[in-house]
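Please treat every number below as a calculation from the coordinates, not as lab data. Keep in mind the model is a prediction, meaning the values are calculated, not measured. Because the Cβ atoms are built from the backbone with ideal geometry, glycine has one as well, and the counts that use them run over all protein chains shown.
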Amino acid sequence: MRTSPLIALDTNALIHALKGVGRVREGLAASEPGRIAIPTVVAYEIEYGALRSGSPEVRRSELQRLLSVVEILPFHPGAAERAAKVRWELESRGEATGPSDLMIAGTALAFGCVPVTHNVAGFSRVPGLMIEDWF
């Protein structure tokens, strides 16, 4: 039995899932159990967003429930190496991307994940990265 690759939710996909926007919840429901992950930088961005919201306790509670049932992918040395290579490749072509997206891409490459993102323009420029847009 072949296991599908790990799905790594980007920040915007996670926000869409929490808010019920687009088809992200449908994609999550159709995914193999245990195949959904969140890079630590995404957890950081969502934590920050929760603090900025009008109801941080509610948002943090929703986030903690979600984080308890998904795999958390650390930004470890292998992910840092991949992110640095992606940054170098993009900058050598005169393209730039934000540090969080670089860290998410590096983490996905290091773990062999398929990022789910609505930022197709940004992530599709990353060499070797397969992405999906469930919006």
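Where is the GNM fluctuation largest for the chain (alpha-carbon springs, 10 angstrom cutoff): His16, His118, His76? Of the options given, His76 has the highest mean-square fluctuation.
With the simple spin-label model, which puts each label point 7 Å out from Cα in the Cβ direction, the Glu57 to Glu91 separation comes to 4.4 nm. Comparing Thr97, Thr117, Thr107 in a Gaussian network model of the chain (Cα springs below 10 Å), the most mobile by mean-square fluctuation is Thr97. Using the Cβ-Cβ distance between Glu81 and Glu32 with R0 = 25 Å, the FRET efficiency computed as 1/(1 + (r/R0)^6) comes to roughly 0.30.
The Cβ shell under 10 Å around Glu89 holds other residues with a net charge of +2, Lys and Arg each +1, Asp and Glu each -1. Multiplying the residue separation of Val114 and Glu47 by 0.36 nm and subtracting their alpha-carbon distance yields 21.9 nm.
Across Arg23, Arg60, Arg52, mean-square fluctuation computed from a Gaussian network of the chain (C-alpha pairs under 10 Å connected) peaks at Arg52. Distance between the 7 Å Cα→Cβ label points at Glu71 and Ala121: 3.2 nm.
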